[in-house]
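Data first, discussion second: the structure below is written as structure tokens.
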Amino acid sequence: MAPTPHHPGELAADDPIRLLAVRETPLSLDEVFAAVGDPAAGGTALFVGTVRDHDGGADVAALGYSAHPTAEAELRKVAEKVAGDFPVRALAAVHRVGELAVGDLAVVVAVSCAHRAEAFAACRQLIDDLKANVPIWKHQRFSDGTDEWVGA
């Protein structure tokens, strides 16, 4: 299903891409799950990425995400490709930026399709492509005073 022309930032009624955002505010599983609700969907897959307390054997003390100004446009490209490659009924993806604490939600993506296998495959492709192609970088600060940038 091809998206219909609409104003930038506004989603068309028949667009399977229901929610895309890069935001500083806390993420909501309920918001993302509700966005992909569709009566023709028999399967919904949801992936949640959270801030963990360690990486590479080191204790994470703090973490921040930064995004390039093109991040939302790149996220849309990723979402459009997934929606074009799979029989997606609805798709949503949100990523947090700013300072996060251990346990905070960093990214939430969801896809609904007619069948579960398609939903799982499309959701996996969505998160993998988001991580590979959307310019969002993680700055980890460790308890030993060292730090590292991931994705930069």
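Readers should treat all values here as calculations from the given coordinates under stated rules, not as data from a laboratory. These numbers were taken from a predicted model, which means no experiment stands behind them. Quick reminder, even Gly has a Cβ in these numbers, built from the backbone with ideal geometry, and neighbours come from all protein chains shown.
See the values below:
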item: Inter-site label distance for ALA40 and ASP128 at 7 Å from Cα along Cβ, in nm; result: 2.6
item: Under DSSP loop assignment and at most 13 Cβ neighbours within 10 Å, longest GluC sites (Glu not before Pro)-free interval of the chain; result: 25-152
item: Cβ-derived FRET efficiency at R0 35 Å, ARG116 paired with VAL150, nearest 0.05; result: 0.65
item: Folded to 0 to 90 degrees: helix 116-133 orientation relative to the chain principal axis, Cα; result: 50
item: Largest to smallest principal axis extent of the C-alpha atoms in the range 83-152, angstrom; result: 48, 22, 18
item: Cα-projected label distance for GLU99 with ASP53, points at 7 Å along beta-carbon direction, nm; result: 2.0
item: Solution diffusion estimate, µm²/s, Stokes-Einstein, the chain, Kirkwood Rh from C-alpha pairs, 25 °C, viscosity 0.890 mPa s; result: 154
